[in-house]
């Protein structure tokens, strides 16, 4: 077991230094949010810019996961621990966003499942999963 | 699928029971450590999914016929919902667990336990249903 | 109340007047399969309605104002019926002319073998019901409601033939009427409500003197004047000529009885009861509407002169004549407004006669263009004589009713020192002469081309070929026992003669109308 | 409305049930829905759905009666006081929306029976009714809740089920319509939770009433402004506010007829309600609305939507799609009411919420019946439909006249109120815009009327082939309601007025 | 989180959908790791199970049924507009961050309004050591009920979309309920 911990130790240290940077005087303490925003926008971009239906859903996932991360970030309290009551700990991180995000994750996977089911049907009906090709077919039908 | 991968099949035969057990542990230990009905349901469901990937959907269906997953879906959802109704009948508000037992603390305990169970059942049944439907498709190319 | 309605409250009688044509409409629909019963029902309904209206007359003449609130839509905003002299006059002519028009329509529709006659008579009755509703409206909202019902219910009549042309015209018709009413009229109404807090018709208007000073009154008045598209003020007159595709009784109905009269009647009502004539005198900036009306009078007359199609010429004539009424209303003088009110009556009788004649010529001589009517007066003397009488009335010559209304409007113009409008009236009378008289002159003195008889016969043969000629005595050509005369049938001639006589009688009884209207215009 | 309340009190057990009505409103259909999975039979599940929905409708009426009689109702779930637990708050505004949703749901079900049997594959019909009930429940949940995050959860229930319902339309294009709706809807919901997250961040609360008291203290912050923007855009996607409406036309056009009726009359309405609730109750105490140009932006968006929607509707050849674009236009009216931010404007918006639900429901029912009988609703195929299906076409005509805003129909009442409100603000150009856009409605409605009445039916078509009675009756009920509430505008305006007060007033803005 | 950024960009660029699905799973997994670091163990657990597990399996399943390659294309104008939309949205978000409480700030309002009661009293009121569970299943149990119904909706929805009725060929294979008693009339 100790070996396993050792492997992850450098990673964790890296994180701690990163965290110190984020809250330290060198940054406005918002860097974490900004990175999350960048992630969100990556996902958002994938959703609206790509034509592939599966990829859109992947983008949606990325978008949502980033939003979850945003919630979890705001829940963090410096020096706090996971919100499980234990003796001798007085500072916990905020549990409420965790609860909300648990719910949101489920909602996300539900949406993904439905979306993918639709993609399968669309593929069978149109023989493609590229949005622009489908649009072309539909315009043809409208005429 | 991977019908011919003997190693995988053997290993997974060993793996699946612990997975299911672990799911049960997560289910009932959620009050103390991380975990709870939802996570347990997912794990439980993935146990079956793993089984289905390796041995084919039909095999799973023999163990767990579609009507039973569907029934479980409903049972899970209703377990949760009716717990709330029980609170109503016993004189509290909806989802009020305090009235479930004489001691509010016990009531809360029972309530959460039952509710989490409901979540677990629903999630597991949902996972299996969704996967089965996907896997039951004829396939594109 | 007296007579058959003894024991009825006058307010309830108003409702009855409204309901009779509606019931009649559904009876017509139910009897659709039996032609004679259906048309009989139409006539009986018209008779009943007229009876009820006449029963109301003494009450109003005695100063009574029957009133009933049907329901409140929004607090203070109700559907309400009130009968006052102006409305009485309108209801009177509408219900009387309905009888006449129904008579005529039966003759015309059968003579012309029109399709969908049941639908025709159904909407005909609904249209009359809404015209009566307009007449009885106790506030602007009620008026608006019936005004809209009227637009919608006449649409099937205009587009009756269902051809591409009929549909296009129907679209123009409904498009202009609905869009002006919703775009301007409704806007004006809501604005009025916003300012005055009421839409009830009040003697002397709903605005106080202070509100009247602003420029807003002029804008509001314009909203009303143009919003009431049925008044056919230019540039919103296009629907009227377009509606000429309809069967002739419909044109008669539109022009003389229901639609256009509902329009100018509404304008008059708005001027008298929403703005108040006295207030209008104070309000700045309302003059330009006078010029619009004057322009419409002249321009429409000139356009009318250039039309060869008789119905179209009459249509433009109507556009012009309606603006007389608008002009009279906008002059802000009691006497001119009185003239306007009278002109509603005079024009109704005159124009309906003209249309009846035009229709008779279409059905029984198969002529629509004036240039083809040379010498037709010898074949159809009665028709053409009546046409002559009605023309005189429109031009405003004695001994016809039309003279009086023009006289009063001119007096009003003189009273307000706007002599230019007297000039407009005179010029337009000359123009009227110029576009109406040729028809009569062609008819009586024009030399019928040689082949004309053959043509007529051919036409007739074609006609016979397609449809069996109406055998009924009442539907046959009238010959009066003379060679070379084959006038319209009895069913068509009777109404023509009736209304033409009316034109003459109105000359002698005009003062009765004036006295009856005095309470409205303060004397 | 109070009649229903008094009647209810006379029932057995009323006293015991009465305090729990708010939750029963949602939980009854929620828990009854899964039963459909066990029934697994088209007829049985239809019957079950119908019974449950009508009970729900009754509860909604009772609730409205109770609210009108005694004011705000607060219900704490799990007996945890807010803001720690989730609470339900019912005032005139959401009681009215509850009535709209349940009424339409209840009336649509009898209608749905035959039409669904024709349009949806038989083995899936029980799932159809399941989804239908879940969708309704989701909408009810959105309406009743006073918790910003709980709203999201129920929003997702209703959204997911409506994606499924739309995809059940027979045409393959129903699938793509549903997919696009899914993408847009999920983006909208995600935007919404971003906004909620930001609000939570600044205040530490999720309860709407609580937020309303806490937000004014931080309303100068850029975070709250951004939160507001995200909430409005997120919900704007759901309610098809103008530039975000692209999902709507196809979704309505290709969904099964009954679904179109239901969604068109309720889903966007509930989204608008949610927007109202957040804008006025939650952000009502802040001066965001006054100090920024948000109100002006909303007005502009609404006006453009009104015109663009109606304009595009004119060029549609598919009547369902035409009505869908008309919905985009009509949503503009409601947003306009919100944008005015006065009690009168809001009343207009809310009353249009109700009125549009009624008339659009009737219109879509009529079109659905035409689809049921002749299998198409392309304009060309509807020639002479007025002769073949006189009643259905008459219903369409009534609904169409109402869309135009002719007096004696509900459309007139809302238009009246909205124009009135804009004139009171002195915005005559907005008033003119409202009236001009209804001129466009004349054009698209009349295109149908003309084809229906003036064109001869195609050769060989049956002379009379009216829709079955089970479709006709609901249709007529809605058409009658269109006229009834058009004549008696007072009732609805009064309730809408109270709703507007409830949304704007301090009663719900502050803590009890 | 930087790693997540890298993965996110990779997802946007790579056109092999198979790889994209795997990357999406990895993205979730890294996310889960971040959650652990941020004290959200429950969330991490769930994200790992769902994002990395279920979603990926579903995506792979879909790909098996559809196609593996994303087509090249997507007009330049489209990506430009998309980029603009994204840029504006991102800008609004960043704008919003300026007044946010600093990361980990103990005195932020978020930690002081509702939450203290959960932390301080849930032990007495609910009796569960895991506060998340207490809040999830008791204080905000109605949310969770909703959540359960969401997943239920999804499961039945997938049934409705992909269920038996479409595949006549395989009717006899008796998948979803083809063989059981009721409603089998087809």
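Each value in this text was obtained by applying a stated rule to the coordinates, not by laboratory testing. In this text, all values refer to a predicted model and were calculated from it rather than measured experimentally. Note that each Cβ is placed from the backbone with ideal geometry, even for glycine, and that neighbours are counted across all protein chains shown.
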Between the alpha carbon centres of segment C:213-274 and segment C:287-351 the gap in Å comes to 11 Å
To the nearest 0.05, how large is the calculated FRET efficiency for residue B:103 and residue E:117 if R₀ is 22 Å and r is the Cβ-Cβ distance? 0.60
With contacts defined as alpha carbon pairs under 8 Å and 6 or more residues apart, what's the relative contact order of chain D in percent? 15 percent
Hey, how many Å between the Cα centroid of segment C:144-172 and the Cα centroid of segment C:1-75? 25 Å
Ratio Rg/Rh, restricted to chain C and using Cα atoms, in which Rh is the Kirkwood radius: 0.96
Evaluate the distance, in nm, between pseudo-label points positioned 7 Å from the Cα of residue B:110 and of residue D:380 along their respective Cα→Cβ axes. 6.9 nm
Could you work out how far apart the two model spin labels at residue C:35 and residue C:505 are, taking each label as a point 7 Å from the Cα in the direction of the beta carbon, and quote it in nm? 3.1 nm
Partner shielding of A:30-37, as the mean number of partner chain Cβ atoms within 10 Å, equals 6
Give me the number: length gained by fully extending residue C:203 to residue C:164, i.e. 0.36 nm times residue separation minus the C-alpha to C-alpha distance, one decimal in nm. 9.4 nm
Neighbouring partner chain Cβ atoms per residue of D:404-413, average, 10 Å criterion: 5
Rounded tilt (10° steps) of D:390-404 against the dominant C-alpha axis of chain D: 40 degrees
Over all residues in C:139-152, what is the mean tally of Cβ atoms on other chains that come within 10 Å of each residue's Cβ? 2
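Please work out the Kirkwood hydrodynamic radius for chain D, using every pair of different C-alpha atoms, and report it in angstroms with one decimal place. Walk me through the numbers before you get to the answer.
Numbers: mean 1/r = 0.0443 Å⁻¹.
When all Cα pairs of chain D are included, the Kirkwood radius is 22.6 Å.
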So if I average 1/r over every pair of distinct C-alpha atoms in segment D:259-413 and take the inverse, what Kirkwood radius in Å does that give? 16.4 Å
Please determine, in degrees from 0 to 90 and to the nearest 10, the orientation of helix D:294-314 with respect to the longest principal axis defined by the Cα atoms of chain D, where the helix direction is its Cα long axis. 10 degrees
Hey, what angle do you get for helix D:222-238 against the long axis of chain D, alpha-carbon based, 0 to 90 degrees rounded to 10? 20 degrees
Please list, in order, the residues from segment D:470-505 whose amide nitrogen is less than 18 Å from a point placed 7 Å along the Cα→Cβ vector of residue D:74. D:502-505
Counting DSSP beta bridges in the protein assembly as shown, what percent are antiparallel, to the nearest 5? 90 percent
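Residue D:18 to residue C:15: FRET efficiency via 1/(1 + (r/R0)^6), r the Cβ-Cβ distance, R0 51 Å, to the nearest 0.05?
Numbers: r = 44 Å, r/R0 = 0.87.
The pair residue D:18/residue C:15 has a calculated efficiency of 0.70.
With a 10 Å radius around each residue's Cβ, average the other Cβ atoms per peptide and rank C:242-253, C:81-92, highest first.
Values: C:242-253: 26.1, C:81-92: 24.1.
Top of the packing list down: C:242-253, C:81-92.
Taking the inverse of the average 1/r across all pairs of different Cα atoms in segment E:1-69, what Kirkwood radius in Å do you get? Write out the running numbers ahead of the final one.
On the way: mean 1/r = 0.0816 Å⁻¹.
By the Kirkwood definition, the hydrodynamic radius is 12.3 Å.
What does the convex hull of the alpha-carbon atoms of the protein assembly as shown project to on average, in nm²? If you can, show how the numbers build up before the last one.
Numbers: hull surface 240.9 nm².
Over all viewing directions, the protein assembly as shown projects a mean Cα-hull area of 60.2 nm².
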Please give, to one decimal in nm, the separation of the simple spin-label points placed at residue C:371 and residue C:210, each 7 Å out from Cα toward the Cβ. 6.5 nm
Between segment A:43-106 and segment D:358-379, what is the separation of their alpha carbon centroids in Å? 45 Å
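I'd like the FRET efficiency for residue E:85 and residue D:47, computed as 1/(1 + (r/R0)^6) with the beta carbon distance as r and R0 of 60 Å, rounded to 0.05.
On the way: r = 47 Å, r/R0 = 0.79.
Approximately 0.80, to the nearest 0.05.
When every alpha-carbon pair in segment B:6-135 is counted, what percent end up more than 27 Å apart? Numbers along the way, then the final one.
On the way: 2364 of 8385 pairs.
I get 28 percent for the Cα pairs in segment B:6-135 exceeding 27 Å.
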